[in-house]
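Heads up: the structure comes next, in structure tokens.
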Amino acid sequence: CFVAGAVYIMNDIHDVECDRVHEEKRKRPIASGVLPLWLATAEAAILLVLSIGIGAVVAKELLGCLMIYFILQVLYTLWFKKVVLVDVFLIAAGFVLRVFSGAVAAGVEASTWMLVCTFFVALLLALCKRHSELVFLGEMAVEHRKVLKEYGKELLVALIAAVSALTVVCYSIYTLSPATVAKLGTKQMFITIPFVAFGIFRYVYLTLCRGEGGRPEKTLTQDIAIILDVLLFIVVCTLIMIFKG
């Protein structure tokens, strides 16, 4: 959380002028001027030092993961966010590193299929965000994010459809894989596939039909259908684990 926070602050400092073009992002603390640049820089430095210290104490492998994550995100901020497709792939890779780092810190083995699912979910969210920015900002989109001139609505719709399908397929394989069955002690996890598919398709619907993909955290926590879907998913998973015998 600390290293991700440091990266987000650095990204906001780097993009301060572009964010001031965006109707929503101009309200952020740094873009609006509420948070002075010198203070934001100091906060990012403190968070980075704390993350390095905690990582070194917990495990050397965790420290390595944190450093790789930080380097990738710096490269993204400075260069690769301007390169079509590479930008969204690096965003997705960052989320995979977060999950893998959590597994390293907890001393457990990260499921390969779970990492793959994480990658595709993060990639889907990034693509949906690009689509929303393109639609929401219109002619101002390129001024806010230069890479948007390389993305077209048709391309993004096609990519979103492909990644949505890949995510559902990968999760389905994950629930049916022998490793998952052995670890959970049940073959019934496939029952949860419809809930995952609905959640993904609902999010795509909200992005393409309602233009709500620009802020994933808001959409995922305020849409009643998605909230109910997640709750049902949790209930079904719980029942499967209780009655797996």
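Before moving on, here are some points about what is shown:
- Scan of the range 174-210 for residues that are under 30 Å from Val84 (Cα atoms), open to solvent by 70 Å² or more (accessible area, probe 1.4 Å) and touching a residue at least 24 places away in the same chain (Cβ under 8 Å), ordered by number: Phe198, Phe201
- If the condition is being among the aliphatic types (A, V, I, L, M), open to solvent by less than 30 Å² (accessible area, probe 1.4 Å) and under 15 Å from Tyr69 (Cα atoms), then the range 98-111 contributes only Ala103.
- Val236 falls short on exactly one of the conditions (1) closer than 15 Å to Ala126 by Cα; (2) open to solvent by less than 40 Å² (accessible area, probe 1.4 Å), and that condition is (1).
- Selection status of Glu109, modelled with pLDDT under 95, among the charged types (D, E, K, R) and in a loop (DSSP other than H, G, I, E, B): yes
- Members of the range 13-56 found to be outside any loop (DSSP other than H, G, I, E, B) and in contact with a Pro (Cβ under 8 Å, 6 or more places away or on another chain), listed by number: Ala40
- Look at the range 21-50: where a residue is of a type in the set (Ser, Thr, Tyr) and a partner is at pLDDT below 90 and open to solvent by 80 Å² or more (accessible area, probe 1.4 Å), sitting 6+ places away or on another chain with Cβ atoms under 7 Å, you get Ser32/Arg26.
Each row is one residue, and each column tells you yes or no for (1) closer than 30 Å to Lys149 by Cα; (2) at pLDDT 90 or above; (3) open to solvent by less than 60 Å² (accessible area, probe 1.4 Å); (4) among the aromatic types (Phe, Trp, Tyr).
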| site | (1), (2), (3), (4) |
| --- | --- |
| Ala45 | no, yes, yes, no |
| Ser51 | no, yes, yes, no |
| Ile54 | no, yes, no, no |
| Ala59 | no, no, yes, no |
| Leu63 | no, yes, yes, no |
| Phe70 | yes, yes, yes, yes |
| Gln73 | yes, yes, yes, no |
| Tyr76 | yes, yes, yes, yes |
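The values are calculated or read from the model by the stated rules, or taken from the named source; none is laboratory data. Keep in mind that this is a model prediction, so the values were computed, not measured. In this analysis, Cβ positions are derived from the backbone assuming ideal geometry, glycine residues included, and neighbour counts consider all displayed protein chains. Protein only, heavy atoms only, side chains kept; ligands, DNA and RNA dropped before computing areas. Shrake-Rupley method; radii C 1.70, N 1.55, O 1.52, S 1.80 Å.
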